[in-house]
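First comes the structure, then the notes that go with it.
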Amino acid sequence: MKNIVKITGLAAFALAFVGTAQAQDTVTGKWQGQFDSQIGVQKYTYEFKVDGTNVTGKAVGITENGTNNSAITEGKINQDTISFVEPLKFGDNDIRIEYTGKVSGDEIKLHRKVGDFAEEDLVAKRVKDGDAKLDTKADKNSPPAKP
């Protein structure tokens, strides 16, 4: 009986470790998405790093008003569920942007809550080697690449 308990405990530990490793493999890296908001279209690049169930990284948002860079805080991943906070400074105001989402392959369906005044949904897609960057005003004004 003691052997069955030991084997069951080891199996549970192994499955938990595999689940954590899969979460790291699933989320670590760059993701891009865009959505329409009260201030116009926002284009985002998220770069996630996973350590166990903790998620850190950065979020870069591009709007008509400029670019904002934020560190990702309070990040957690549990199987296919991710959550994190993007603390944003807007003028003299600190704004807390809370994200929750579901990871499915190369997509993350995110719900974004901006303080108490706005909510948006977006789909972020994994950036793979060779994928084009999101269009920005600077990209549109750059000369074409030479062959």
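Data overview
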quantity	calculated
Output for the stretch 50-65, where each listed residue is of a type in the set (Ser, Thr, Tyr) and part of a strand (DSSP E or B)	56, 63
Criterion (modelled with pLDDT of 95 or more, within 20 Å of residue 128 (Cα to Cα) and among the charged types (D, E, K, R)) met by exactly one of 113, 58, 76	58
Output for the stretch 78-99, where each listed residue is among the hydroxyl-bearing types (Ser, Thr, Tyr) and either closer than 15 Å to residue 35 by Cβ or loosely packed, with under 13 Cβ neighbours inside 10 Å (or both)	81, 99
Options 120, 64, 107; residue that is under 15 Å from residue 31 (Cα atoms) and of a type in the set (Asp, Glu)	107
Residue count, the stretch 82-124 (criterion: part of a strand (DSSP E or B) and either more than 18 Å from residue 49 (Cβ to Cβ) or over 17 Å from the mean Cα position of the chain (by Cα) (or both))	24
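The values are calculated or read from the model by the stated rules, or taken from the named source; none is laboratory data. Please read these numbers as outputs of a predicted model, since none were measured by experiment. Every residue, glycine as well, gets a Cβ built from its backbone with ideal geometry; the counts of neighbours run over all protein chains shown.
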